[in-house]
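Worksheet for the structure shown next.
The values are calculated or read from the model by the stated rules, or taken from the named source; none is laboratory data. Fair warning: this is a prediction, and the values are worked out from it, not measured in the lab. Here the Cβ positions follow ideal geometry from the backbone for every residue, glycine too, while neighbour counts run over all protein chains shown.
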Amino acid sequence: MGGKLFRNFSFLSATLSFFILIGIFAVLFTYAQEALHEFGIDFLYSDSWEVDEDDEGGLFGGWIPIVGTLLSTLIAMAIAIPLAMGIAIFLTEIAHETLVKPVSIAIELLAAIPSIIYGMWGLFYFAPIVQSTVGGDGVGLLTAGIVLAIMIIPFMAAITRDAMNTVPPVLKESAYAMGATTYEVVKDVVMPYAKGGIIGSIILALGRALGETMAVAFLIGSVMKIPDRITDPTTSIPVLLANNFAEAQDLEISAMYYLALILFVVSFALISLAKFYFFGRKSV
Amino acid sequence: MVMKKMFTAALIASVTAVTVYAEELKGRGASFPAPLYKVWTSEYYKATGVKVNYTPTGSGDGVKSITKRMVDFAGSDTPLKQKELKKEKLHMFPTVVGSVVLAYNLDGIKDGELKLSRKAIAGIFNGTITHWDDQAIAEHNAELQLPHEPITVAVRADKSGTTFNFTYFLNQIDEKIKVSKKPTWKANKVIAGKSNSGVSANIQQIKNSIGYIEYSYKMTLGLSAAQVENKEGQFITPTLESFQDAAKYATWTPDNDFYAVIGDPAGVTSYPIVAATFLLLPEEKQATNKNVTKFMEWAFTQGDAPAVELGYVPLPKETKDQIRAYWEAKGIR
């Protein structure tokens with residue numbers, strides 16, 4: 001009796017998550033219908049976001065937030081990938097045992113900081129530094145990208161470290177026995193062996209960077225404009241949604257669901273790719 | 001037995017909790033008067049034991065939630081036209097007057113030192129004036145060292161009643177700037193922030209920036225604000241006295257549910273960027289409306305001091321009397 005109940009309960013919990021996923025997709029798709037119908041595929045490369053005087057209609061396009069999302073994520077990845085790899089290699093191959101634990105804990109704690117704190121820190125402390133070194137207004141694409149990088153580094157480093165830890169010591173030891181340097185061992189043994197896990201970690205971090213809202217909302221400037229320079233303000237999909245959702249009506253709401261749908265599909269595709277292709281291919 | 005007793009006690013407690021809850025009034029909307037409503041509601045609770053809950057979500061959301069009858073009352077910084085009030089079956093009246101200041105971040109220029117003419121303000125926000133040492137700004141500030149730096153304009157990222165009232169003022173000077181809760185700004189360098197606090201933070205962080213915020217944010221954060229040229233050509237420092245002088249020129253009338261945008265008033269001593277904020281009530285909910293007007297009656301008689309303290313201007317006595325008569329006429333007093 002108890003066993004059956006338990007089985008049913010766990011089965012229910014498991015299927016529930018599946019239905020929630022389908023449910024969210026269905027809701028996004030339904031509410032986006034009006035905008036999908038009105039703007040179609042042109043929505044992707046139209047750069048207008050104007051509400052009519054009477055608040056009822058308007059002309060909406062996703063080009064600027066889509067570009068802003070991609071650019072800020074690109075900057076974040078360009079900074080985060082080399083740093084995260086460095087951290088993971090240091091922890092698995094170079095660091096003395098007494099250092100591994102404190103550094104690992106520090107990284108895991110960094111990953112646990114809520115994003116709003118990164119946003120506040122970024123705005124009040126980091127943005128002035130960017131302004132005085134690179135120029136611009138402090139708030140803008142570059143600042144958002146750098147802070148995003150700092151946010152995803154711990155995540156990426158932790159998964160990469162785990163992947164690198166799975167490399168059998170026998171393989172590394174034989175390479176060292178052949179006279180290979182640490183650099184050569186990392187390049188020719190560890191990296192190829194852990195490749196699946198490393199790429200997977202990069203893609204998962206990418207998914208996180210794409211959807212990050214609070215910190216970016218503080219830092220990107222929230223301006224509907226394609227940036228001319230890297231320090232210029234622009235906007236991203238989650239930031240636009242967070243800023244405008246509460247006050248929007250009718251067609252604008254629908255256009256935002258359309259944007260949300262785009263973000264959902266892209267993140268979903270990326271994470272599926274990471275899960276099924278890279279993590280699944282090899283027993284990492 | 002003990003269990004049973006505890007259970008009964010819990011039941012009684014929850015029932016009493018429910019009755020207390022029934023006395024609660026729920027409102028949401030405009031964030032512009034929110035700091036004041038917060039003080040009013042907590043003082044009112046102390047005085048009467050009646051709980052009034054106000055969630056500052058923005059004027060647009062307020063109108064939406066009262067139209068759908070999700071709340072007992074709503075706050076809005078933009079008055080609704082009579083046609084709309086009729087259609088949605090709502091009552092409307094003003095509660096308090098506030099003001100919008102132009103806060104700036106300029107090295108070496110202190111609070112109240114910068115004088116901005118109407119021409120200069122319109123130029124900064126429509127993008128025709130791009131640098132701080134532009135002739136239009138410099139001609140009234142001969143004694144100041146204005147830098148040859150580009151102007152960064154700090155605006156709201158969200159739809160806002162503050163923006164509506166500020167663009168109303170801009171529209172009086174340059175009719176190409178549309179009155180809107182979220183216009184498309186033509187200025188060269190624009191940075192947007194969410195809510196008054198977001199804009200204030202951007203002004204604090206960005207050198208050579210200027211932006212429009214509610215007066216109380218300037219006060220609490222200690223930002224520098226400009227003197228603004230009014231209709232009569234006088235440069236007026238934003239102070240409570242100059243707001244009060246401006247509020248005198250507001251023309252309210254119960255005939256159109258007090259519909260009036262009071263920005264850019266006449267008067268030599270009036271600060272020009274002032275705005276009233278409104279309360280919306282659903283016509284059919286007589287009983288809860290009476291509770292809301294009871295709360296407002298208390299605020300009108302006891303709430304002026306905290307309003308002044310927070311940088312708002314209480315309504316003139318005549319207006320309050322008109323509003324009381326309006327409640328009487330609608331049967332909600």
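At-a-glance table
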quantity	calculated
Among residues of region A:48-85, those that are surrounded by 14 or more Cβ atoms within 10 Å (Cβ to Cβ), over 20 Å from A:Gly211 (Cα atoms) and modelled with pLDDT of 90 or more, counted	3
Restricting region A:132-154 to residues that are assigned to a helix (DSSP H, G or I) and over 25 Å from A:Met85 (Cα atoms), the residue that is nearest to the other protein chains (Cβ to nearest Cβ)	A:Ser132
Matching option when the condition is under 17 Å from A:Trp63 (Cα atoms), in contact with a Gly (Cβ under 7 Å, 6 or more places away or on another chain), away from chain B (no Cβ under 14 Å) and in a helix (DSSP H, G or I), among A:Leu210, A:Leu263	A:Leu263
Residue in region B:242-256 that is more than 14 Å from every other protein chain (Cβ to nearest Cβ), touching a residue at least 24 places away in the same chain (Cβ under 8 Å), buried (at least 16 other Cβ atoms within 10 Å of the Cβ) and farther than 30 Å from B:His91 by Cβ present	yes
Close pairs from region B:68-79: first in the same structural domain as B:Gly161 (by TED's automatic domain parsing), partner surrounded by fewer than 24 Cβ atoms within 10 Å (Cβ to Cβ), Cβ under 9 Å, at least 6 apart	none
Condition met for B:Val39 (touching a strand residue (DSSP E or B) at 6+ places or on another chain (Cβ under 7 Å) and either closer than 21 Å to B:Gly311 by Cβ or assigned by TED's automatic domain parsing to the domain that holds B:Leu280 (or both))	no
Single unsatisfied condition, B:Leu146 versus (1) more than 10 Å from chain A (Cβ to nearest Cβ); (2) closer than 28 Å to B:Ala266 by Cα; (3) in contact (Cβ under 8 Å) with a residue 24 or more places away in the chain	(2)
Hits in region A:215-246 - residues which are crowded, with 22+ Cβ neighbours inside 10 Å and of a type in the set (D, E, K, R)	none
When residues of region A:159-178 are limited to those that are in contact with a helix residue (DSSP H, G or I) (Cβ under 6 Å, 6 or more places away or on another chain) and of a type in the set (A, V, I, L, M, F, W, C), the one surrounded by the fewest Cβ atoms within 10 Å (Cβ to Cβ)	A:Leu171
Residues (assigned to a strand (DSSP E or B) and either closer than 20 Å to A:Ile253 by Cβ or away from every other protein chain (no Cβ under 11 Å) (or both)) located in region B:56-83	B:Phe73, B:Ala74, B:Gly75, B:Ser76
Residue list for region A:164-185, restricted to those being assigned to a helix (DSSP H, G or I) and in contact with a Ser or Thr (Cβ under 9 Å, 6 or more places away or on another chain)	A:Met164, A:Asn165, A:Tyr176
Any helices (runs of 4 or more DSSP H) falling wholly within region A:28-131 and containing at least 2 residues that are within 14 Å of chain B (Cβ to nearest Cβ)	A:63-89, A:115-121
Given (1) surrounded by fewer than 24 Cβ atoms within 10 Å (Cβ to Cβ); (2) in contact (Cβ under 8 Å) with a residue 24 or more places away in the chain, index of the condition B:Lys87 fails	(2)
B:Lys176, sole failed condition from (1) basic (Lys, Arg); (2) out of contact with any Ser or Thr (no Cβ under 6 Å at 6 or more places or on another chain); (3) within 13 Å of another protein chain (Cβ to nearest Cβ)	(3)
Hits in region A:216-235 - residues which are within 10 Å of another protein chain (Cβ to nearest Cβ) and among the basic types (Lys, Arg)	A:Lys225
First in region B:185-202 and more than 10 Å from chain A (Cβ to nearest Cβ) and within 16 Å of B:Ala103 (Cα to Cα), second anywhere and among the polar types (S, T, N, Q) and not in a helix (DSSP H, G or I), Cβ under 8 Å, 6 or more apart	B:Asn196/B:Ser31
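For every residue, the table says whether it meets (1) surrounded by 10 or more Cβ atoms within 10 Å (Cβ to Cβ); (2) closer than 19 Å to A:Asn244 by Cα; (3) at pLDDT 90 or above; (4) in contact with a Phe, Trp or Tyr (Cβ under 7 Å, 6 or more places away or on another chain).
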{"site": "A:Met1", "(1), (2), (3), (4)": "no, no, no, no"}
{"site": "A:Ser10", "(1), (2), (3), (4)": "yes, no, yes, no"}
{"site": "A:Leu16", "(1), (2), (3), (4)": "yes, no, yes, no"}
{"site": "A:Ile20", "(1), (2), (3), (4)": "yes, no, yes, no"}
{"site": "A:Ala26", "(1), (2), (3), (4)": "yes, no, yes, no"}
{"site": "A:Thr30", "(1), (2), (3), (4)": "yes, no, yes, no"}
{"site": "A:Glu34", "(1), (2), (3), (4)": "yes, yes, yes, no"}
{"site": "A:Asp42", "(1), (2), (3), (4)": "yes, no, yes, no"}
